[in-house]
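A short reminder: the numbers here are calculations on the coordinates, not readings from a lab. Everything numeric in this text was worked out from a predicted model, so none of it was measured.
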Amino acid sequence: MAKTGAKAAVQEQTLPLIEHLARLGRRAYEGAMTPGGLRPRHLIALKLLSEQGPQNQQGLADALTLDPSNVVGLLNELEDRDLIVRRRDRTDRRRHIVELSPAGEEELAVAYVRMARVEDDLLGALSPTERATLSDLLQRAVGARTPPCDTSDDPPRT
């Protein structure tokens, strides 16, 4: 039996499923992180520094798709927790170089373990191959290997 046009269109919509999965994932992630733990934007910034090495502040702002003034606040939070080190660029004293600290590396490793547990629970119905395919498709849809950081850490109000 063929589905009606409107009913089929509603059943084919992916965005509500992605939003629902994201909401479940956010709640599980927040529950897995210790109080005061890494927020998603912290994790993205640390992951970028881990993968790409030291960055100047402007380059980091560009990579995170954040306004430079917002990057300062983000970096202040990470520096207050000793997760990054900021130093003056020796070739241009006006610029700061940002790098992951040893404590940041440790915190990132702990966060990865916790996130893996959350993902295992959240995506447990999928085979390893399906999970890899989902990851590849989502990365392609986002258009980058590291997602932008300019989204709010607060869940949408419902």
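A simple rule links phi to the HN-Hα coupling: the Karplus curve 6.51 cos²θ - 1.76 cosθ + 1.60 with θ = phi - 60°, which for segment 95-101 gives 9, 10, 9, 10, 9, 6, 8 Hz, with x for Gly and Pro. Mind jotting down the distance between the C-alpha centroids of segment 113-143 and segment 22-68, whole Å? Between the Cα centres of segment 22-68 and segment 113-143 lies a distance of 18 Å.
Along its principal axes, segment 1-112 has C-alpha extents of 71, 30, 22 angstrom, given from the largest down.
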